[in-house]
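Beneath this line is the structure, given in structure tokens, with notes to follow.
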Amino acid sequence: MDTQDLELIINTLNPQQQEAVLYTDGPLLILAGAGSGKTRVLTNKIAYLNKQFNVPLYNILAVTFTNKAAKEMQERVEKILGTSSAHHSDQWITTFHSLAFKILQRHSEAIGYQKGLVIYDSSDQVSLIKKILIDMDIDIKTIKPRAILNGISNAKNSLITPETLVNKADNSFKETVAEAYTQYQKKLLLNNAMDFDDLLLNLLKLFKEHDDILSIYQKKFQYVLIDEYQDINMPQYMISYLLSSKHKRIYVVGDADQNIYSWRGANLQNILNFEKDYPGAKTILLEQNYRSTGTILNISNEVIKHNKIRKDKNLWTENAVGEKAECFIAHNEYDEAEHVARQISQSIHAGTDPNEIAILYRTNAMSRVLEESMMQLGIKYKIFGGLRFYERKEIKDILAYMRLILNPSDDIALIRIINVPQRKIGKLTIQKLMDKAFEEKKPIMEVIDTMTELRSIQSVQTFRQEINKLRLAWDAGTMTLTDLIMKIFEDTGYKKMLKEEGTQEAQTRSENIQELCASTQESQYTLEEFLSLSALLTSQDEAQESDSTVTLMTLHSAKGLEYDHVYLVGFEEKCLPHVQSLDIPTELEEERRLCYVGMTRARISINLSVASYRSAYYEKANPQDISRFFREIPKDLLNIQLSKKLNTFNHIVSALKDEYDLKIPAVRSIQLVRNKTHYDEDDKNVSYNYNVGDIVTSPMFGEGQVIKTIGQGNAISLQIKFPQGSKLIMPKYGKLTKVE
DNA sequence: CATCCTCACCTTTTT
DNA sequence: GGTGAGGATG
Ligand SMILES: Nc1ncnc2c1ncn2[C@@H]1O[C@H](COP(=O)(O)OP(=O)(O)OP(=O)(O)O)[C@@H](O)[C@H]1O
């Protein structure tokens with residue numbers, strides 16, 4: 001039996017991969033390009049350690065980049081080992097942040113925290129820092145809270161303490177950051193809370209200050225495996241170093257070309273110096289790509305070669321050559337989105353599994369237009385990123401109640417919900433409570449009784465009683481999380497509030513809370529586990545795999561994933577590469593790596609698209625140049641397709657036409673000619689006579705009503721409201737018929 | 001104290 | 001195009 005399993009683990013790998021799995025004597029660095037099976041090696045290695053050496057899974061620490069990746073790896077390991085190895089409860093295939101949280105929860109007192117740690121997500125951070133800045137008499141209009149938080153986060157990622165930052169501050173902004181940082185950490189501690197960065201820092205602190213505790217985990221984690229090592233930051237590097245410093249059984253995999261998180265402290269040096277930091281380390285290169293077609297690999301390799309700061313590597317495949325990459329030149333982002341949605345729709349009708357299609361973009365904001373097109377064509381899709389479930393107002397409100405029940409000194413939670421639903425406790429009252437708490441350096445709950453002069457003190461006391469009642473009920477220990485959520489929802493009047501609002505939106509919110517409830521039905525978590533988990537879960541973890549849906553996400557989120565068909569939209573200068581990185585060579589190279597990551601997600605096809613004009617949210621449409629990365633793709637591996645909707649003169653087309661074989665859309669070229677002759681006639685003979693209110697039919701959109709006319713004569717444009725939305729159409733081109 | 005309105009400004013990427 | 005701060009009004 002066992003030997004069979006072992007063979008299964010080994011035989012599905014090529015010789016280099018096998019070597020990587022079998023080598024267990026000391027530090028191991030696996031350097032490899034995209035799709036070469038790095039993750040597969042790690043997965044099989046875990047299975048191998050378990051099967052060959054009987055290493056229980058609880059002695060193996062495997063760190064992945066996202067919770068989703070961790071879950072996937074867990075599932076794959078389970079599949080290889082069979083369900084018999086149900087060490088379910090004590091599995092450590094996880095992310096650095098979850099690892100830190102799990103450990104810190106157990107030892108919070110050792111670093112000056114109490115039990116019941118709370119994790120602050122980014123909106124909690126913002127409200128806390130705002131509060132601090134206001135206390136510091138700083139105008140949050142001139143100094144943006146986000147900027148301060150960035151400064152703090154950068155400091156943390158470089159292991160700089162508040163004190164050091166104060167000493168290093170050499171201008172007033174830095175001084176502000178340093179002072180805010182100091183206050184921020186104090187407040188967090190007071191609220192028994194940590195932000196994401198603190199999880200790592202505090203774990204490090206725990207390990208550094210408590211040899212005995214470190215030693216427990218060094219013994220526990222006999223093997224340390226780390227995926228995506230190129231995107232590890234300083235604290236993460238230190239944590240993995242400490243954990244493996246006794247036994248040196250640390251196996252890491254990474255690809256320097258996929259380093260895309262340097263902006264949040266990921267340091268390439270960590271992987272480049274691995275052999276130096278871990279003397280005697282063995283390095284294995286994986287060079288065969290199993291994921292993509294020859295063409296896709298070729299294109300990606302050519303693009304990434306243009307990075308100067310880079311070691312070249314030889315990545316090859318035995319897969320079929322495959323199709324050329326498509327590149328669609330659209331008029332604007334709407335045209336682009338429509339085209340992408342059409343293509344996808346056709347592809348799905350032709351039998352493609354929607355789950356095997358992904359649309360990738362540089363910024364979250366770009367998803368909206370795409371979503372609209374997907375909806376119009378009735379294509380089911382899911383979005384990674386954007387607003388997470390746990391970041392929705394109503395969910396956070398309920399969670400805030402839960403936080404306050406768990407931890408009465410959580411002022412942020414208190415302020416969030418003290419007047420939701422309304423209890424006639426206004427800004428002034430809250431301000432006074434905050435001031436008092438600030439003065440006395442006590443949590444708000446504890447200063448309430450000293451504030452008898454407040455007009456709405458009665459409401460505040462009632463509120464406190466309400467919370468205390470809920471806490472009492474919970475502490476009795478007979479309630480499940482589901483019960484608690486329902487009780488909060490009903491007893492606080494939240495449900496009533498939503499009901500009375502009566503809007504569609506309120507209905508949705510109510511449903512979301514029900515969903516939160518449902519999600520706790522089967523969980524075994526304690527209240528604090530549940531709360532912190534909810535802060536750690538990202539949008540990536542929430543998606544249900546069951547449906548057949550197309551995936552939309554940012555290039556960053558696509559890391560580590562793979563799809564048959566990849567649509568890479570916004571392949572433009574200022575977009576990819578992003579405008580903010582154009583002047584900074586190192587960041588430009590990171591953009592190129594991002595492009596490389598995106599392209600190498602594809603197994604079968606890459607579909608690029610470019611919008612000739614794109615409007616950045618508040619601006620009007622700006623002409624866009626095609627991405628420099630486009631020119632780095634070998635010409636013979638590209639099929640360029642022009643949109644029918646392009647203006648007669650298009651800057652991208654004229655820039656490309658001498659070098660590239662541009663396919664003029666067949667329909668359009670005929671139309672052009674025909675229109676040209678018509679045009680002359682039109683000029684003389686036809687006068688378009690459309691007025692607001694006219695009913696028209698269009699072959700493309702069906703029946704609609706004119707809601708606006710722009711221009712006149714044969715150059716008239718009509719804004720027409722169709723069932724699926726309003727369109728701007730020129731009757732000259734649009735073949736409209738007037739319905740009398 | 002609550003609600004409605006206006007105006008400014010905006011996110012690049014995420015655990 | 002949307003969110004949040006701040007002001008005017010009930
Ligand atoms: N030896 C092999 N034989 C067949 N298929 C393989 C082999 N090794 C890996 N694969 C497949 O190749 C694909 C890529 O593997 P994997 O995700 O492990 O690569 P990776 O190096 O982690 O990629 P990336 O760095 O791009 O995320 C997967 O579908 C995997 O199943």
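The values are calculated or read from the model by the stated rules, or taken from the named source; none is laboratory data. Nothing here was measured: the structure is a model prediction, and the numbers come from that model. As a convention, Cβ positions derive from the backbone with ideal geometry for all residues, glycine included, and neighbour counts pool all protein chains shown.
Could you list all residues from the range A:33-51 that are in a loop (DSSP other than H, G, I, E, B) and farther than 13 Å from A:LEU285 by Cβ?
Listed by number, the residues that qualify are A:ALA34, A:GLY35.
Name the residue that is farthest from DNA strand B (Cβ to nearest atom), counting only residues in the range A:558-596 that are in a strand (DSSP E or B) and more than 18 Å from A:VAL340 (Cβ to Cβ).
Per the stated criteria, the residue is A:LYS574.
Given the conditions (1) in contact with a His (Cβ under 9 Å, 6 or more places away or on another chain); (2) within 16 Å of DNA strand C (Cβ to nearest atom), report the number of the one that A:ILE119 does not fulfil.
Condition (2) is where A:ILE119 drops out.
State the number of residues belonging to the range A:626-646 that are without any contact (Cβ under 8 Å) to a residue 60 or more places away in the chain and touching a helix residue (DSSP H, G or I) at 6+ places or on another chain (Cβ under 7 Å).
Qualifying residue count, the range A:626-646: 1.
Using the structure shown, decide if A:LEU189 is part of a helix (DSSP H, G or I) and closer than 30 Å to A:SER215 by Cβ.
yes
Can you name every residue in the range A:386-413 that is buried (at least 17 other Cβ atoms within 10 Å of the Cβ) and at positive phi?
none
When you check A:GLU511 against the structure, is it under 30 Å from A:SER557 (Cβ atoms), out of contact with any helix residue (DSSP H, G or I) (no Cβ under 8 Å at 6 or more places or on another chain) and acidic (Asp, Glu), yes or no?
Criteria met by A:GLU511.
Check A:THR429, A:THR450 and return the single one that is farther than 20 Å from A:TYR184 by Cα, within 16 Å of DNA strand C (Cβ to nearest atom) and not small (Gly, Ala, Ser). Show your work before the answer.
Details: A:THR450 fails: within 16 Å of DNA strand C (Cβ to nearest atom).
Exactly one of A:THR429, A:THR450 is farther than 20 Å from A:TYR184 by Cα, within 16 Å of DNA strand C (Cβ to nearest atom) and not small (Gly, Ala, Ser), namely A:THR429.
Tally time: how many residues in the range A:610-625 are over 15 Å from A:THR363 (Cβ atoms) and in contact (Cβ under 8 Å) with a residue 60 or more places away in the chain?
4
Scan the range A:531-550 and tell me whether some residue there is within 16 Å of DNA strand B (Cβ to nearest atom), under 23 Å from the mean Cα position of the chain (by Cα), buried (at least 20 other Cβ atoms within 10 Å of the Cβ) and part of a strand (DSSP E or B).
No: the range A:531-550 contains no residue that is within 16 Å of DNA strand B (Cβ to nearest atom), under 23 Å from the mean Cα position of the chain (by Cα), buried (at least 20 other Cβ atoms within 10 Å of the Cβ) and part of a strand (DSSP E or B).
Among the candidates A:SER158, A:SER215, single out the residue that is more than 30 Å from the chain's Cα centre (by Cα) and hydroxyl-bearing (Ser, Thr, Tyr).
A:SER215
(1) away from DNA strand C (no atom under 12 Å from the Cβ); (2) at pLDDT below 90: which one isn't true of A:GLY112, the others all being true?
Unmet condition: (2).
Consider A:LEU206 carefully, then state whether it is farther than 26 Å from A:GLY116 by Cα and at pLDDT 95 or above.
Working: farther than 26 Å from A:GLY116 by Cα: no; at pLDDT 95 or above: yes.
The answer is no for A:LEU206.
Check off (1) of a type in the set (Ser, Thr, Tyr); (2) more than 16 Å from DNA strand C (Cβ to nearest atom); (3) in a loop (DSSP other than H, G, I, E, B); (4) farther than 20 Å from A:ILE412 by Cα for A:THR164 and give me the number that stays unchecked.
(3)
Could you figure out which of (1) surrounded by 14 or more Cβ atoms within 10 Å (Cβ to Cβ); (2) of a type outside the set (Gly, Ala, Ser); (3) away from DNA strand B (no atom under 16 Å from the Cβ); (4) at pLDDT below 90 isn't true of A:MET1?
Single failed check for A:MET1: (1).
Out of the residues in the range A:89-137 that are assigned to a loop (DSSP other than H, G, I, E, B) and among the polar types (S, T, N, Q), which is nearest to the chain's Cα centre (by Cα)? Explain how you work it out, then say what you get.
Keep residues of the range A:89-137 that are assigned to a loop (DSSP other than H, G, I, E, B), which gives A:91-92, A:112-117, A:120-121, A:136-137.
Narrowing the set further to residues that are among the polar types (S, T, N, Q) leaves A:91, A:114.
Numbers: A:GLN91: 25, A:GLN114: 31 Å.
Result: A:GLN91.
Cβ-Cβ distance below 7 Å, separation of 6 or more or different chains: which pairs start in the range A:313-327 with a residue that is farther than 10 Å from A:GLY33 by Cβ and end on one that is modelled with pLDDT under 90?
none
Assuming A:LYS495 fulfils every condition listed in (1) surrounded by fewer than 21 Cβ atoms within 10 Å (Cβ to Cβ); (2) within 14 Å of DNA strand B (Cβ to nearest atom); (3) not β-branched (Val, Ile, Thr) apart from one, which condition is it?
Result: A:LYS495 fails condition (2) only.
Here are some conditions: (1) among the β-branched types (Val, Ile, Thr); (2) within 16 Å of the ligand (Cβ to nearest atom); (3) at pLDDT below 95. A:THR648 meets all but one. Which one does it not meet?
Condition not satisfied by A:THR648: (2).
If you check A:ILE119, A:ILE103, A:ILE93, which single one turns out to be within 16 Å of DNA strand B (Cβ to nearest atom), under 30 Å from A:GLN431 (Cα atoms) and crowded, with 17+ Cβ neighbours inside 10 Å?
Answer to the check: A:ILE119.
Got at least one residue in the range A:133-147 being at pLDDT below 90, among the β-branched types (Val, Ile, Thr), more than 11 Å from DNA strand C (Cβ to nearest atom) and touching a helix residue (DSSP H, G or I) at 6+ places or on another chain (Cβ under 8 Å)?
yes
Does A:ILE348 qualify as being of a type outside the set (Ser, Thr, Tyr) and not in a strand (DSSP E or B)?
For A:ILE348, the condition - of a type outside the set (Ser, Thr, Tyr) and not in a strand (DSSP E or B) - is met.
Where residues in the range A:177-202 are closer than 22 Å to A:ASP137 by Cβ and among the hydrophobic types (A, V, I, L, M, F, W, C), which of them is modelled with the lowest pLDDT?
A:LEU190
Could you tell me whether A:LEU297 is within 16 Å of DNA strand B (Cβ to nearest atom) and in contact with a strand residue (DSSP E or B) (Cβ under 9 Å, 6 or more places away or on another chain)?
The answer is no for A:LEU297.
Using the structure shown, decide if A:ALA69 is part of a helix (DSSP H, G or I), surrounded by fewer than 16 Cβ atoms within 10 Å (Cβ to Cβ) and either within 24 Å of the chain's Cα centre (by Cα) or more than 16 Å from DNA strand B (Cβ to nearest atom) (or both).
Numbers: part of a helix (DSSP H, G or I): yes; surrounded by fewer than 16 Cβ atoms within 10 Å (Cβ to Cβ): no; either within 24 Å of the chain's Cα centre (by Cα) or more than 16 Å from DNA strand B (Cβ to nearest atom) (or both): yes.
In short, no.
Picking from A:ILE604, A:ILE584, which residue would you name as being in contact with a His (Cβ under 8 Å, 6 or more places away or on another chain) and of a type in the set (Val, Ile, Thr)?
Of the residues listed, the single one that is in contact with a His (Cβ under 8 Å, 6 or more places away or on another chain) and of a type in the set (Val, Ile, Thr) is A:ILE604.
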